[in-house]
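Asker: Structure in C-alpha cells, see below.
Bear in mind that the values in this text are calculations on the coordinates, not laboratory data. What you see is a predicted model, and the numbers here were worked out from it, not measured in a lab. So basically every Cβ, Gly included, is an ideal-geometry build from the backbone, and we count neighbours across all protein chains shown.
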Amino acid sequence: MASVKGMLTQSFDRAERGRLAGLFGSVGLLHIAGWGLLLAYAANHPGFIWLGGVAYMLGLRHAFDADHIAAIDNTTRKLLQSGKKPLGVGFFFSLGHSTVVFLIAVALGLAVRWIVQGVVADSGELRSIGGAIGTVVSGGFLVLIGILNLLVLLDIIRVYRGMRRGDYDSAALERELTAGGLMTRLFGRLFRVIEHSWQMYPIGFLFGLG
C-alpha cells in the first residue's frame with residue numbers, strides 16, 4: 001500500500017490526484033446506483049437479477065473490444081506526446097459510449113407498452129410492418145458491416161505482406177498496427193483534434209451509435 005501511495009505521489013501532483021479520486025469515485029457511485037436500482041426492482045421481479053448480471057458481464061467483455069482499446073490508446077499517446085496527462089480519456093470515452101445505451105433503454109422503457117400492444121395484438125400494425133422492416137434493416141446493416149470489415153481485412157493483409165517484404169520500418173509499422181479496427185478507422189480523423197480528455201465523450205458517443 002505504501003509503495004502504491006508513493007508511486008501516486010511521485011507521478012501526480014495534488015490536483016491530479018484529486019481528479020483521479022473524482023473519476024474513480026464517479027465510477028463507484030455509478031456502480032452503486034445501477035446495482036442498487038436493479039436490486040430494488042428485482043425484489044418483486046427476481047428474474048431481472050440474472051438479466052442484469054448477464055448485461056453487466058457482456059458490458060465488461062465489450063469494454064475490451066479492439067476498437068475501444070485502440071481509440072483510448074491512440075488518444076492517450078497523442079496527449080502524452082503533447083506534454084499532457086490524459087487522466088480521463090477512458091472515463092469520458094466510456095461515459096459517451098454508455099450514454100447511448102442509457103438513452104436507448106429509456107426510449108424502450110417509454111415505448112414498450114405501445115410496442116407490445118402493436119406486436120401482441122393480432123390486428124397490431126407492428127406485427128406485419130415491423131417484421132418486414134426489421135428484416136431489411138438488420139440484414140442491410142450486417143451486409144454493410146461485413147463489407148467494411150472486409151476492406152479492413154484486405155488492408156491488414158496488405159500491411160502483413162509489406163512487413164514480410166520489409167517495406168515498413170518500426171515507426172511505420174507501429175502507425176499501421178495502431179490504426180485500430182473498423183470504428184477507429186472511420187472516426188480516425190476526429191482523434192487528431194482532441195486536446196483534452198473530456199473531448200473523448202462525443203467520440204465514445206459516436207462509437208456507441210456504431
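Asker: Based on the alpha-carbon gyration tensor of the stretch 16-83 and its eigenvalue square roots a ≥ b ≥ c, which shape applies: rounded if a/c is under 1.5, prolate if not and a/b is larger than b/c, or oblate? Working shown, then result.
Answerer: Numbers: a/c = 6.77, a/b = 1.84, b/c = 3.68.
Judged from the Cα gyration tensor, the stretch 16-83 comes out oblate (a/c at least 1.5, b/c at or above a/b).
Asker: For a quick protection proxy, order the peptides 27-38, 195-206 by their average other-Cβ count within 10 Å, most packed first. All intermediate terms of the calculation are to be shown ahead of the outcome.
Answerer: On the way: 27-38: 11.8, 195-206: 18.6.
Ranking the peptides 27-38, 195-206 by packing returns 195-206, 27-38.
Asker: Let me ask another. In the stretch 19-52, which residues have a backbone nitrogen under 14 Å from the label point lying 7 Å from F12's Cα in the Cα-to-Cβ direction?
Answerer: Once the point is set 7 Å along Cα→Cβ of F12, 19-28 turn out to lie under 14 Å by backbone N, inside the stretch 19-52.
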